């Protein structure tokens with residue numbers, strides 16, 4: 001989308017204001033970069049390879065790329081030097097990559113909300129496989145690249161002073177910008193709000209299937225609600241942080257500028273890029289299991305040996321057998337002919353996990369393990385072999 005270069009700015013920023021913005025960008029850079037790297041580490045090392053976790057991993061990768069591309073260029077070029085110091089290759093690639101990461105993020109939120117919708121409304125329907133989810137992500141990146149491709153063509157360096165501008169007609173620029181704004185923000189926002197509204201209504205009102213069991217129903221409802229709350233918080237944080245920039249851009253695009261336009265524009269751009277550090281904060285705040293892992297790997301990265309004894313949590317049963325979710329799933333896969341009526345889900349056992357995943361994983365794919373004595377002995381044997 002056309003940026004500040006195609007709008008009319010009528011005022012300059014003071015040195016003090018620039019320093020404040022720079023400090024904010026530096027803070028966002030380190031929090032966002034460290035937080036999203038930790039998200040990737042946690043998902044790769046500890047969490048199951050579930051569809052939801054694959055999508056969350058993709059979000060973190062897009063945010064990392066966005067942080068690296070946007071913050072340095074915004075801080076150095078827009079705030080301080082005021083001209084384009086790089087060559088034509090950077091002029092073409094930087095806007096394209098910025099557009100790419102923003103569109104990928106929006107589309108990923110749509111896919112996550114759609115997947116959650118089908119999980120809640122059609123629980124017996126076949127879920128997305130990891131292979132299909134990876135194919136969807138490849139499609140998202142391809143479509144996003146296609147939407148940003150025109151920027152590779154029209155971005156040029158204009159001299160006196162050097163600036164990276166989009167060199168095309170006003171009509172073409174308007175049409176492209178409106179298409180990009182609609183597909184990148186307003187259409188995804190509509191889908192996200194619609195799906196999560198329906199999900200929230202269903203989760204808060206629906207009773208668990210089968211015979212009524214107050215303890216089971218309460219635990220399942222709590223797990224589902226935590227999952228829904230977390231994903232709604234993540235999506236709303238993104239939508240709200242993006243909205244002021246789009247409104248300001250539309251006003252500047254169709255107006256002749258106004259007093260304090262540069263200050264307001266820099267504020268909304270700062271708010272937009274701050275969305276890259278919200279997800280790790282929300283995960284830590286709303287998910288106990290992730291918070292424990294986050295602290296552990298943060299201590300590992302910073303070499304705080306006093307806290308490295310905080311190992312990532314494992315599930316425990318009343319037989320004092322430790323096993324990971326991967327062991328549980330593998331046991332069920334290796335025994336396809338077992339009587340599944342003898343199995344319970346981890347979310348409804350009276351002996352709860354040491355650190356339940358609070359809906360982030362149990363809601364995604366039920367983890368089962370045996371309840372009769374012979375099956376427990378068999379399962380303990382394979383868990384002792386660390387399968």
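What follows is calculated from the coordinates using simple rules that are stated; it is not laboratory data. Quick caveat: nothing in here was measured; it's all calculated off a predicted structure. Neighbour counts are summed over all protein chains in view; Cβ atoms, including those assigned to glycine, are modelled from backbone coordinates with ideal geometry.
Simple spin-label estimate for residue 255 and residue 138 gives 4.6 nm between the two label positions (7 Å along the Cα-to-Cβ direction from each Cα). Distance between the pseudo-spin-label points of residue 79 and residue 54 (7 Å out from Cα toward the beta carbon): 3.9 nm.
Each of 283, 83 was scored by other Cβ atoms within 10 Å of its Cβ. Arranged with the fewest first, they read 83, 283. Spin-label model, residue 89/residue 200: points 7 Å from Cα along the beta carbon direction are separated by 4.8 nm. The percentage of C-alpha pairs in segment 4-301 whose separation is greater than 29 Å is 40%.
Beyond 20 Å, the tail of the calculated P(r) for segment 1-144 holds 60 percent of the Cα pairs. Along its three principal directions, the equivalent ellipsoid of segment 67-168 from the Cα gyration tensor extends over semi-axes of 38, 14, 9 Å, largest first.
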